[in-house]
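The structure under discussion appears below in the form of structure tokens.
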Amino acid sequence: MELMRIPGVGISIANDLRELGYQSVEDLRNADADEMFEQLCRNKGVRVDRCVLYVFRCATYFAKTDDPDPRLLKWWNWKDSRRADLNARAAVG
């Protein structure tokens, strides 16, 4: 259950990631969280809770970043409104 070492990923999200073809953290390095979310919605035939998108964003960040910012390892900081705020803060320094 290597995927569950990603912050915010439990059994359910790990299963969703495997359903999408991701078996490891390394598999997520080149993944696009928004595309993953849309594919999951298509696979399930429903609009999945948007919080899953936020976890996917966190997971792909974790996979792509060697020294992640601890604030960005919390999935709720990847909500659309908070994401814009964090990006603005990062641009300022």
**OP:** Taking the Cα centre of the chain as origin, sum charge times position over the Cβ atoms of Lys and Arg (+1) and Asp and Glu (-1), and report the length of that vector in debye to the nearest 20.
**Re:** 360
Original post:
Considering only protein heavy atoms, what per residue accessible area in square angstrom results for the chain with a 1.4 angstrom probe?
Top reply: 59
Original post:
For the chain, what % of the accessible area comes from carbon and sulfur atoms, probe 1.4 Å?
Top reply: 49
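The values are calculated or read from the model by the stated rules, or taken from the named source; none is laboratory data. Just so it is clear, the structure is predicted and the values come from calculations on it, not from any experiment. Because the Cβ atoms are built from the backbone with ideal geometry, glycine has one as well, and the counts that use them run over all protein chains shown. Keep in mind that these areas ignore ligands, DNA and RNA; they rest on the heavy atoms of the full protein, side chains included. Shrake-Rupley method; radii C 1.70, N 1.55, O 1.52, S 1.80 Å.
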